[in-house]
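The values are calculated or read from the model by the stated rules, or taken from the named source; none is laboratory data. Computed from a predicted model, the values in this text were never measured in an experiment. Note that each Cβ is placed from the backbone with ideal geometry, even for glycine, and that neighbours are counted across all protein chains shown.
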Amino acid sequence: MSDLAVKNNNDVAHDLSEREFDTELGTSTDRIAVGNVLAEMEKALNDIVSDNPRIGGEEEAGTVRLDDLKAVLEISLAINSSLVLEEILQVVMLKAVELLSAERGFVMLLDKEGILQFKSAHNIRQEEITEESFKISNSIANRVAETGKSVYTSDAQEDERYANQKSVVELKLRSIMCVPLKIKNHVIGVIYLDNSSHAKLFLKSDMYLFELFAQQAAMAIHNAQLYGHLSRLKRYNEDIIAQSPVGIIVIDPEYNLVTINDASLATFQINKSDITPGTDTPRCSRLTDLIPPAEWPKWRKMIEQVLTGGGNFREDRYFHNTGYDEKVLSIKVSATTSLPGSKTGAILVIEDITEKVILEKYVILSEKLVAKGEMAASIGHELNNYLTIISNNAELAQINIDRNDMERAKNNSSQVVDNIAKMKRFTDGLMDFSKMETEMVSYDIRHLVENLLFSLKSQRKFKNVTVDFVHANVPDIHIDVGQIQQVLLNLMNNAVDAMEKSAEPHIKIDCRFDTEQDRMIIAVADNGHGMSEEIRQKIFQPHFTTKANGHGLGLANSRKIILNHGGDIQVDSAEGQGTTFTIYLPRKADAHKS
């Protein structure tokens, strides 16, 4: 084709896009889209025609080429109107048969093993025909798939390449066309058309039009395959999220719920019908709909840290009150940039570890009970030895007195006194915490307090007590976890006892870190009856107590524990004004005896 013919054809195509389609498509946006499609087909047709010029003169070529472009444009718009592969294949086959007036046609796609698989077939009456009733020349289809080159014959009966093939002879086929479906020179399948009538022979020029049509069809099929793959991947991910036993929540920067699974709803005890996730909905639910107002500042702080600084945030033990239950949660927050509109949101992975924490406490308790049982047996054995000696000597003393053997009676009495003294030294040693081994570990004091408060919630004496735990970001410190928890438990119990007659019993635990002294400060304050100065001076003395059934060892032992950590404990109290115990613990301290 001459340069002038190509120029004339380009002008015709331009006029067509401006005049004929302007009334059909209406808007300027639609005209731009059609212009883009026309430009792509114009280039493809130029490439094909440059190697295979159409039959006829240049004037006829221009007219025919314009009609071809219009037909292929209409077909392109039709096959690109859907992203469902099955629908695309049906439209491709119907339009191919219609465009080239073929008696029959079929589409085959390559599978993962590179084998052609039958996908769709139609005849000129636009009836779908099955693979079993559609006899074809497999050799032609396979050759096109392997070489990526089209096959054309205007009379297969006379063409020595195909005249002896069984399908050609049985079906009396005349003209055959088979073209590859390509994506960037990669063959994904083939389209086949044939005719058995002399009146409907394919021309060489039909082949070029068929190739142009195949290029548009291949792109539509490829897009549908990609869409199908993405849809399956989306369903797969949604199934994983929905069935995960761990709570998964995705939020956008405005805290709107993008995704929330059933496990999250169960954790927060929210009905699914009360939540509307998805940022494209007018009444989208927010994360604040799940969180009690009193806890929201903590959640906002966790999320803002991730949204503004990126990275991840982790809270191994977060104590959450649903309004019905007290739960322990493990929370992980990560940033994501995969939200619609390339927004940066957050993914929250929430695990309810309440049962795990309770089980751990039971295991620890059982281990302590076993250890205490073993220790009690050992103590009982030791005391029994002393008591046996005392008992025997007491009996002998009575006998010797009756015999008037005062020398032996005196010796028996001396044995009783000596063994009683040994028993006292033994029991004093048991109560001396400075002789206990201290197991120091680096630990988060916040977790220690939160675990203690969680375990106290179920106790009857704490039911009506309001407890506030105030803390800042504090570093881990070296402590014996069990011993420090024992001290805090003792202070909590004493506080409750002191508030027995209070109308609104309230305990405040304030935890902060003194950077100048490099030490942790823990204050436990109550609004109980307080104590006099005389009592305050004696509370850390062993066996001193103001309780009817008290043993006077709790605060004495607590002080020994704190001193054993290299710290200090102080008390501030006045009658009718409540009491505050303040504990000072160094961040790093080796256990030592006091």
Sole residue being in contact with a Gly (Cβ under 7 Å, 6 or more places away or on another chain) and in the same structural domain as Asn564 (by TED's automatic domain parsing), chosen from Ala503, Ala495: Ala495
Qualifying positions in the stretch 475-484 - assigned to a loop (DSSP other than H, G, I, E, B) and modelled with pLDDT under 90: Asp480
Strands (runs of 3 or more DSSP E) wholly inside the stretch 485-594 containing at least 2 residues that are of a type outside the set (Ser, Thr, Tyr) and under 21 Å from Glu450 (Cβ atoms): 506-514, 519-526, 579-586
Residue check, Lys538 over 28 Å from Lys463 (Cα atoms) and in contact with a Ser or Thr (Cβ under 8 Å, 6 or more places away or on another chain): no
First in the stretch 238-260 and in contact (Cβ under 8 Å) with a residue 24 or more places away in the chain, second anywhere and charged (D, E, K, R) and part of a strand (DSSP E or B), Cβ under 7 Å, 6 or more apart: Val246/Glu351; Gly247/Glu351; Tyr255/Arg286; Asn256/Arg286; Leu257/Arg286
Residues of the stretch 229-261 that turn out to be in a helix (DSSP H, G or I) and surrounded by 15 or more Cβ atoms within 10 Å (Cβ to Cβ), as a count: 1
Identity of the residue in the stretch 287-337, touching a strand residue (DSSP E or B) at 6+ places or on another chain (Cβ under 9 Å) and small (Gly, Ala, Ser), that ends up nearest to Ala263 (Cα to Cα): Ser330
Any pair with Cβ under 7 angstrom, 6 or more apart, that starts in the stretch 201-226 at a residue that is in the same structural domain as Gly189 (by TED's automatic domain parsing) and of a type in the set (D, E, K, R) and ends at one that is buried (at least 22 other Cβ atoms within 10 Å of the Cβ) and not in a helix (DSSP H, G or I): Asp206/Met177; Glu211/Val179
Condition broken by Arg54, with the remaining ones in (1) assigned to a loop (DSSP other than H, G, I, E, B); (2) surrounded by fewer than 17 Cβ atoms within 10 Å (Cβ to Cβ); (3) at pLDDT below 70 satisfied: (2)
Some residue of the stretch 500-514 being touching a Leu at 6+ places or on another chain (Cβ under 7 Å), within 30 Å of Thr322 (Cβ to Cβ) and surrounded by fewer than 19 Cβ atoms within 10 Å (Cβ to Cβ): no
Strands (runs of 3 or more DSSP E) enclosed by the stretch 83-192 - at least 2 residues per element that are within 30 Å of His229 (Cβ to Cβ) and modelled with pLDDT of 85 or more: 104-110, 116-123, 175-183
Answer from Leu329, Leu290 - the residue that is under 30 Å from Gln459 (Cβ atoms), crowded, with 17+ Cβ neighbours inside 10 Å and in contact with a His (Cβ under 7 Å, 6 or more places away or on another chain): Leu329
Selection count where residues are free of Cβ contacts under 8 Å to residues at least 12 places away in the same chain and part of a helix (DSSP H, G or I), scope the stretch 438-474: 1
